[in-house]
Amino acid sequence: VKQSDYRGTMNITNVGVQCIAWDDYRLRLYPEFGLEANNNSEGNNFCRNPDNQHAAYCLTDDFYGYCDVPMCNPHECMPPCGTPNFENSGCPSFLQAENCCKWEEDTSSCKCGYLKEACRKSLEIDTEDFCDDAVAACYEGKYDPHYKCRMYEQICSELKTEFACELAAKSCCEFDVAYWATPQCHCDFRTYTTDVLSVGGSLAFMSEKCLEASLIVDTYSNYDHALVLEGFYRENGGEHWFNNDGWLEDEDHCNWFGVACNGDGLVTELDLRNNNLTGTNPFALLPLELTWLDLAENNLSGAIGTLPPELTWLDL
C-alpha cells in the first residue's frame, strides 16, 4: 500500500512546505527516481507515491517531502461486498473485511478471506501490510501453530516472487526450534522455491545458508554431549523427574538414567518414558546422533520442529 493509491488533492508536506508541480523542470535533475513518465502528465502538485517510497510525497523547492494524507473513505474506495479487489493495493480488501463481515454468522471466516486477499495484494508490491491481520483472523478459535507457515507457503506458490517466498521461509522455519536447524530449513526452502517454483533470487544467499547449515551441524556434532544433555535436563524439569539417577552427578553422561551411547561416547538413545518430564520446548536440545527417542507419558508440549536426522524410533 504505502499510500500508493492516494488520489486526493493534498499539496503540502507534513511540515507545511508547499509542493511544486510534478512536471517542474527540476525533476529532470533526478532521473534515478524515474518519475517523469509516471506523473508529469497530471501537471499538478498533489501528493503521490508512484515509485514505492515509504509513503505519499511531493516535490518541493528543497527536493521532496512526505505528506500526511488522510485515510480514504470506505464508501469511496471499497468494492461492493463479495466482489473482487482489482486495485494494486490491499486497502480495498481490508475495508471489505471491516465492513462486510459485521452481520455474517462466521465473522472470522469472512474476515479471513478478505484479509488473505489484502495480504496477497500487499506481498505483490513487496510489503507485509494486512498480513498479521490475516493470520489473526484465520487463526482465531483454532489450535494450528503452523497456519501462518501454510498461508505464506500458499501465497509463495501462487505469486512466485522472491519477497513472498522469503517471508514464507521465515514463517515456516521459525518452528525449527533447534538452533542448528533453522539454516538447514532455509536452505531446503530456498532449494525448493528455486528448483520447483522457479523463483528467482540470490543463489549466493541460498549457498550461504546451506553452507552455514553444514558448518553448524558439523560443529554441533563435536559438542560435549554432556552439556547438551544438561541443557535438556534443565529445560524439562530434571530435578523433579521420577528417576534422574546420575544426571549432572556422574562424570560419564553415558551412565545417566535413560541414556545409551555408542563406542565413541555419542548419545544414540534416550528413553525417559513416564518420568515426569515437564517442558514446552523439549526438542530444542537433542544430540544429532540420536537414533532412539522415547518421551511418551510425560507432560511435554510445544512444536516438534526439526528432529535429529538419524532418528529411527520416536514415541511421544
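Brief remarks on what is shown
- For Gly8, distant residues with modelled amide H under 5 Å away: none
- Amide H contacts of Asn298: Asn274, each under 5 Å away and 5 or more positions distant or on a separate chain (H built 1.01 Å from N in the peptide plane; Pro and chain starts excluded).
- Under the Karplus curve 6.51 cos²θ - 1.76 cosθ + 1.60, θ = phi - 60°, whole-Hz ³J(HN,Hα) for region 234-247, x wherever Gly or Pro sits: 5, 6, 10, x, x, 5, 10, 5, 4, 9, 10, 4, x, 4
- Amide H contacts of Leu59 (H built 1.01 Å from N, in plane; Pro and chain starts excluded): Ile20 sit under 5 Å, all sequence-distant by 5 or more or on other chains.
- Residue pairs exceeding 22 angstrom between C-alpha atoms, taken from Lys111/Lys170; Lys116/Lys148; Lys102/Lys170; Lys148/Lys170: Lys111/Lys170; Lys102/Lys170.
- Ranking Val196, Val228 from most to least accessible surface, computed with a 1.4 Å probe over the protein chains only, gives Val196, Val228.
- Ordering of 53-61, 262-270 by packing [mean C-beta count within 10 Å, highest first]: 53-61, 262-270
The values are calculated or read from the model by the stated rules, or taken from the named source; none is laboratory data. What you see is a predicted model, and the numbers here were worked out from it, not measured in a lab. Positions of Cβ are backbone-derived with ideal geometry, glycine not excepted, and every protein chain shown enters the neighbour counts. Calculation scope for accessible area: heavy atoms of the full protein, side chains included, ligands and nucleic acids excluded. Shrake-Rupley method; radii C 1.70, N 1.55, O 1.52, S 1.80 Å.
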